[in-house]
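Notes to accompany the following structure.
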Amino acid sequence: MQVSIEIPNDFMALEQIQEVQQEVQYSYALRLYKHAKVTISRAAQLAGVDIYQFMDLCKKEQIPVIDMTEDELKNELKSIETL
């Protein structure tokens, strides 16, 4: 599916069209992931990057990639230590 949007010419003079397309793609994937509409792997696919690059995008945008409370994480780490 293709979506088109209108961007005024004076804004397009600031960047190349490929950069704008990529930025829109990243932003949409990040938004969907942030609002739990898609998984991280699906968001990475939508953004056109691998999962590690997408995690880096999330970090830059301060979007958590681990959805656990501190107590849940501590319990998880304790269970790993006992293995």
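Structural remarks
For (1) within 19 Å of Gln22 (Cα to Cα); (2) of a type in the set (A, V, I, L, M, F, W, C); (3) outside any helix (DSSP H, G or I); (4) modelled with pLDDT of 95 or more, each residue gets a yes or a no:
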| residue | (1), (2), (3), (4) |
| --- | --- |
| Gln45 | yes, no, no, yes |
| Asp71 | no, no, no, no |
| Lys74 | no, no, no, no |
| Leu77 | no, yes, no, no |
| Ile80 | no, yes, no, no |
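- Taken together, the residues in the range 56-83 that are open to solvent by less than 90 Å² (accessible area, probe 1.4 Å), within 20 Å of Val24 (Cβ to Cβ) and not charged (D, E, K, R) amount to 3.
- Just one of the numbered conditions (1) open to solvent by 80 Å² or more (accessible area, probe 1.4 Å); (2) under 24 Å from Met68 (Cα atoms) is not true of Ser27: (1).
- Criterion: over 11 Å from the mean Cα position of the chain (by Cα) and not aromatic (Phe, Trp, Tyr) - qualifying residue of Leu77, Leu46: Leu77
- Taking the conditions (1) of a type outside the set (Ser, Thr, Tyr); (2) open to solvent by 100 Å² or more (accessible area, probe 1.4 Å); (3) over 12 Å from the mean Cα position of the chain (by Cα); (4) under 22 Å from Val3 (Cβ atoms) in turn, His35 satisfies each one other than (3).
The values are calculated or read from the model by the stated rules, or taken from the named source; none is laboratory data. These numbers were taken from a predicted model, which means no experiment stands behind them. Here Cβ is always computed from backbone atoms with ideal geometry, including for glycine, and neighbour counts include all displayed protein chains. When the accessible area is computed, the model is the full protein with side chains, heavy atoms only, and any ligands, DNA or RNA have been set aside. Shrake-Rupley method; radii C 1.70, N 1.55, O 1.52, S 1.80 Å.
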